[in-house]
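**Q** This is the structure I want to talk about, given as C-alpha cells.
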Amino acid sequence: MSFFFPPDPTAGDAAPRLPENPMGTLLGSVLGDALGLEADVIRSNAQGDGFDVSAEIESALCTRQIKNREAVLRIAAQQEAPAASPKDQPDAGWIQAFLRLSGDATSEMEREIWGRLLALEIAEPRTVSRRTLQFLHAMDLWEVEAFTEYCAFAFSFESGWRFMFEGEAARREIWSYGREIDLTQHWVDVGLLSGEPSTLTLRNAKGLRVLYRSKSWEVRSDEACSPEGAFPIRYRKFSTIGQQISSALSFKIFNGYARNLIQALEQEGQVVFSLIPDGE
C-alpha cells in the first residue's frame, strides 16, 4: 500500500481513481509546478511504500538541469573578455565540477553568479576554487540574496580584498538601511567572513588606502595623537571563499553610507580619512 496514496476502497472494479490524499495532492502540486508537469502525472506514479520517481520526473529533472546550465553558459559568454588571452585553462576536474553543480542553479540570481564565476576562472585560471563552487552550491537562496545585500556595504583595500568595518558606527550606518541586513555573525559562522576581527595600528595604517567602489580614502594619523597610539578602528576581512563569491556578485552602491561611515569613524578614532581625487 502506498504511504502517500492509499487505495480507494470504493473504487471496486471501476477504472482507477486517484485518492483524495491531502499530502499527496500537495506533493504532486509542488513537484508538478517545480518540474512543469501535471500534478496527476506525478501522483499516479506513487507505488509501493514510497514515492516512485517516474520517467517523466527523471526527464524533467534532466531537462531542467540542462536549461540551467545553458543559461549559466550564456551569462558567462556575456561577460567582458580579458585584455590578453589567458596563458592557461581551468583544469578538467574544475570544469566538470562546475557543470555538475551549476545545473542546480534555478533562480536568475544564482545563474548570474555561476556565470560570472565561470568567466572569472576562464580569464584567470585558479582564481575560483572547487571548494568555493561546493560552498555556493550548498547555500540556500535566501543566503545568496542576503549575502549579496550585505556585500553592498563592504569596503576593500587596494588589493581588492573586501572587508567590513566593525563597531557601533559601522553597525549604526548599516542598520539605517535595515537591521536584517547585518548578518555578520551568520557569515562568520558559515565561513564567509574571518572568524576574528583585525586591528590596525597607527604605524602601519598611515598611508593605507580604503575603497568603496570608485571612491578611495587615504588613512592619515591625527597630528595630535602619538604614532605609537592604538588605531581603534577594527575591521573583519572576507574569507577566501567569501572573497571569491563576492567577486561574482552585482550589488548596489550606497555612497551616502560610505561617506557617513567615514565621517563617523573619524569622530570616534584617531585618524583622518582624506578623500583621494579621481584618477590619483
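**Q** Go through (1) assigned by TED's automatic domain parsing to the domain that holds Y235; (2) of a type outside the set (F, W, Y); (3) in contact with a helix residue (DSSP H, G or I) (Cβ under 6 Å, 6 or more places away or on another chain) one by one and return the number of the condition L118 breaks.
**A** Exception for L118: condition (1).
**Q** Of the residues E145, E168, which is of a type in the set (D, E) and either touching a strand residue (DSSP E or B) at 6+ places or on another chain (Cβ under 9 Å) or not assigned by TED's automatic domain parsing to the domain that holds F254 (or both)? Show your work before the answer.
**A** Numbers: E168 fails: either touching a strand residue (DSSP E or B) at 6+ places or on another chain (Cβ under 9 Å) or not assigned by TED's automatic domain parsing to the domain that holds F254 (or both).
Checking each option against the conditions leaves just E145.
**Q** Further, regarding this structure: From the set of residues in the range 229-253 that are modelled with pLDDT of 95 or more and part of a loop (DSSP other than H, G, I, E, B), which is farthest from the chain's Cα centre (by Cα)? Lay out the reasoning, then the answer.
**A** Kept after step one, since they are modelled with pLDDT of 95 or more, are these residues of the range 229-253: 236-249.
With part of a loop (DSSP other than H, G, I, E, B) added as a condition, the list becomes 239, 247-249.
On the way: S239: 13, S247: 10, A248: 8, L249: 7 Å.
Looking at the filtered set, the residue picked out is S239.
**Q** Residue by residue through the range 80-101, note down the ones that are polar (S, T, N, Q) and either touching an Asp or Glu at 6+ places or on another chain (Cβ under 8 Å) or not in a helix (DSSP H, G or I) (or both).
**A** Pass one, the range 80-101, residues polar (S, T, N, Q): 85, 89, 96.
Correct list: S85, Q89.
**Q** Another question, then. Just for the range 78-95: of the residues that are exposed (fewer than 12 other Cβ atoms within 10 Å of the Cβ) and closer than 23 Å to I66 by Cβ, which one is nearest to the chain's Cα centre (by Cα)?
**A** Taking the range 78-95 first, the residues exposed (fewer than 12 other Cβ atoms within 10 Å of the Cβ) are 78, 80-81, 83-85, 87-89, 92-93.
Filter once more, so that each one left must be closer than 23 Å to I66 by Cβ: 78, 92-93.
Numbers: Q78: 20, A92: 24, G93: 23 Å.
It comes out as Q78.
**Q** List the pairs whose first member sits in the range 244-256 and is crowded, with 18+ Cβ neighbours inside 10 Å, whose second member is of a type in the set (D, E, K, R), and whose Cβ atoms are under 7 Å apart, counting only residues at least 6 apart or on separate chains?
**A** S246/R162; A248/R116
**Q** I'd like the full set of residues that are in a loop (DSSP other than H, G, I, E, B) and either modelled with pLDDT of 95 or more or surrounded by 17 or more Cβ atoms within 10 Å (Cβ to Cβ) (or both), limited to the range 142-158.
**A** Filtering the range 142-158 for residues in a loop (DSSP other than H, G, I, E, B) gives 152-154, 158.
Selection gives A152, F153, A154.
The values are calculated or read from the model by the stated rules, or taken from the named source; none is laboratory data. Everything quoted here is computed from the prediction, not taken from an experiment. FYI the Cβ positions are ideal-geometry reconstructions off the backbone, even for glycines, and counts take in every protein chain you see.
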